[in-house]
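To start, the structure itself, in structure tokens.
Bear in mind these aren't lab numbers, they're just calculated from the coordinates by the rules spelled out. Quantities reported herein were computed from a predicted structural model and do not represent experimental measurements. All Cβ positions, glycine included, derive from the backbone under ideal geometry; neighbour counts span all protein chains shown.
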Amino acid sequence: MPVADFSLNGKVAIVTGGSRGIGRSIALGLAEHGADIVLAARKPDDLKAAAEDIQKLGRRVLTVPTNVRKVEELQALVDQSVQEFGRVDVLINNAGTNPYYGPIQDADERAWDVIMNTNAKAVHFLSNAFREAVLKHGDGGTIVNVSSLGGLRASAVIPVYSVSKAALIMLTQVQAITWGDDGIRVNCIAPGLIKTEFAKALWDNPTILKQSTANSALKRVAEPDEIAGLAVFLASPASSYVTGQTITIDGGSNI
């Protein structure tokens, strides 16, 4: 056995929001290290394109169109994954949304519910379903929740999103301390500003971009592929004694 084992051979990984951006990059990174992949997102065409990239790596892939705000679809996602591959070992809770920008007091109920249900509630219920599937094979598993630097540092621009991502960081800790006896490790990634379509309203705004990079050690925003390596580490045996942690990946902007 290697001293640092990053192999995911024989493992099956579910990646939500896996059709583009950070989720797609993480899915490709996991596949490069041997995992078979289940891609979940809302749009079938985007899923198909991402799946083709994974197949080129020689890995098996299943696409499951999923609205993570519907609990029954989260259970169906796990059920279909087990039906196709016989087991699940890794869960990447990456799906997220933020339809509201502006003062916290102006966020209406609909925006609040959409953000919280997608970014926090869905992670809770999907992780529960994943745990039940892992307990059946008894070999343990790993969960990586994708939060945000916004969950560690308050934002007046994306305030409800910040609250939801802070909740996800605590959920990670609660899951980790509760499920350690089950052989399930749970960790969290907190990216800074990443050049994705999801975050375009931020990095495409010159004022916000300047503010975001001015105090960064690397003085730039990241590309989605720069997040994948950390996800592979946390999903693999290389991080076998790491759980309950939130690791920022922000180019040094939170030093």
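A few remarks follow.
- Among P159, S239, A4 - extreme Cα towards positive end, dipole of the chain, charges at beta-carbon: P159
- On full extension, the segment bounded by T207 and E52 gains 52.1 nm, given 0.36 nm per residue less the C-alpha separation.
- Taking a point 7 Å from the Cα of D113 along the Cα-to-Cβ direction, the residues of region 72-90 with backbone N closer than 19 Å to it are 72-74.
- Ordering D250, D139 from the fewest to the most neighbouring beta carbons within 10 Å gives D139, D250.
- Lysine-lysine proximity count for the chain, Cα under 16 Å, sequence distance 8 or more or distinct chains: 9
- Only the Cβ atoms of Lys and Arg (+1) and of Asp and Glu (-1) were treated as charged; on that basis the dipole of the chain about its Cα centre amounts to roughly 360 debye.
- Mean Cβ neighbour count within 10 Å, used as a protection proxy, ranking 14-24, 142-152 highest first: 14-24, 142-152
- Beta bridges from DSSP with both residues in the chain: antiparallel share about 0 percent, rounded to the nearest 5.
- Computed [θ] at 222 nm, deg cm²/dmol, the chain (DSSP H ≥ 4; -39,500 (n - 2.57); rounded to nearest 500): -13000 deg cm²/dmol
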